[in-house]
Amino acid sequence: MTETIEHVFDVLLAMPVEVGTRPLALAEDRDADLVGSVFFSGGDSGGRFGGGSGGLSGTIAICLPMSTARRLVGLLKGHELGEDEDEALRDATGELVEMLAGGVKSRLSAAGTTMSCAEVVGGGDRIIEEDGQSRLVLPCMCECGAFSVEISCRLHAEPRAGAMSGSGSGV
């Protein structure tokens, strides 16, 4: 995921980004006024994410403090944002998270992998916590400020060849 984050910021913003090595574990560790998220599902992980070769489903999000969001979007638009440009903030945040999700998708088998459109909400409105899913929050820093990228996912194991369906063993 680190490479995907670095690649998106290099290509889209021509800006280096430092991804922290200590994942954040608690919601209190994050400062997010704006959260952009994309749901993904399907694809064959090919064992790249541990376990077997089943598909993954989950959510990827970028969590931005307002000051960082305004600076990043200002760079994308080529001018400093005014106070009345909330729609531009949401649109650009959606673009960023869709590019990050596209990087995740490229690491999965493209066959059968689907992604939702980006959803962008105020940081207090949604913090990703999916029951039974693995969760990772990566702290990031660039010249526009601090932010985090959050991945929440579940590996869906493929049934073993010859496995019997049903509840009894027949013995």
Verdict on Asp10 being assigned to a helix (DSSP H, G or I), open to solvent by 20 Å² or more (accessible area, probe 1.4 Å) and either modelled with pLDDT of 65 or more or of a type outside the set (D, E, K, R) (or both): yes
Selection status of Arg70, more than 18 Å from Thr2 (Cβ to Cβ), open to solvent by less than 60 Å² (accessible area, probe 1.4 Å), over 15 Å from the mean Cα position of the chain (by Cα) and modelled with pLDDT of 65 or more: yes
Flag if Val19 is closer than 13 Å to Leu136 by Cβ, modelled with pLDDT of 65 or more and open to solvent by less than 50 Å² (accessible area, probe 1.4 Å): yes
Verdict on Ala101 being surrounded by 18 or more Cβ atoms within 10 Å (Cβ to Cβ), in a strand (DSSP E or B), under 16 Å from the mean Cα position of the chain (by Cα) and modelled with pLDDT of 85 or more: no
Meets criteria (crowded, with 17+ Cβ neighbours inside 10 Å, modelled with pLDDT under 75 and more than 13 Å from Val38 (Cβ to Cβ)) for Leu108: yes
Ser148 vs. criteria at pLDDT 85 or above, touching a Pro at 6+ places or on another chain (Cβ under 6 Å) and at negative phi: yes
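The values are calculated or read from the model by the stated rules, or taken from the named source; none is laboratory data. Just so you know, these numbers come straight off a predicted model, no measurement behind them. Methodologically, a virtual Cβ is constructed for each residue, glycine included, from the backbone with ideal geometry; neighbour enumeration extends over all protein chains shown. These area figures cover heavy atoms from the full protein model, side chains too; ligands, DNA and RNA do not enter into them. Shrake-Rupley method; radii C 1.70, N 1.55, O 1.52, S 1.80 Å.
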